[in-house]
1. In what sequence, largest accessible area first, do SER123, SER161 appear using a 1.4 Å probe?
2. Work through the residues other than SER161 whose Cβ is under 14 Å from its Cβ and net out their charges, Lys, Arg +1 and Asp, Glu -1.
3. Test of understanding: what is the full-extension gain from LYS39 to ASP125, defined as 0.36 nm times their sequence separation minus their Cα-Cα distance?
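The values are calculated or read from the model by the stated rules, or taken from the named source; none is laboratory data. Just so it is clear, the structure is predicted and the values come from calculations on it, not from any experiment. Here the Cβ positions follow ideal geometry from the backbone for every residue, glycine too, while neighbour counts run over all protein chains shown. When the accessible area is computed, the model is the full protein with side chains, heavy atoms only, and any ligands, DNA or RNA have been set aside. Shrake-Rupley method; radii C 1.70, N 1.55, O 1.52, S 1.80 Å.
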Amino acid sequence: MNAEQPPIRAFLSYSHADDAEFGMVDPLVNKLQAYVRAKSGRALEVFVDRDAIGWGTTWRESISSSIKGATVFIPLLSANYLDSSACREEFLAFHSKAEALGVTELLLPILLFRSPLFGEGVSDDVAQIAESLQYKVIEDALVSGYDSPEWLRCTLNLAQSLLDAIARARSEEHTSELQSPMYLVCRLLLEKK
């Protein structure tokens, strides 16, 4: 890891039903971590609830703490995501804090499959926010397979988008050297406690 730069911390929000059916979480995390390190020299630490919550741990507290410590929030959107109250709560909590700090570019929505539930004119608040943040659609890469050139290009582009979002947030007037996006998001989230 680059000694001068702390790791980038990401919170991956997803529907367990989607991961059970399509198995996309591990391949996505692995490629994002590899590409972020290759392009920036920084480690990418991704909170994935099934890996990071130990037996006997209060899951809501663990997830809430991880959202508070995240530099970026990556929701994997789908119909199942919209149906999950836990997913909606994670999304809206991060968005609310990021919006208050003016760093909504650190919310990086990914749409797993094209759907009429997402896009212009929808009434769902999560879908509307995702649309306003210009979600990335990965359907074609997802169905092409995790070893396909399309998947590799797609995850490389997602990694670059993540790095670009962090760079944009750092360059904004409201983020001085002492107030990185990580610091700002954590500060506001901790104020809620």
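1. SER123, SER161
2. +3
3. Full-extension gain reported as 27.6 nm.
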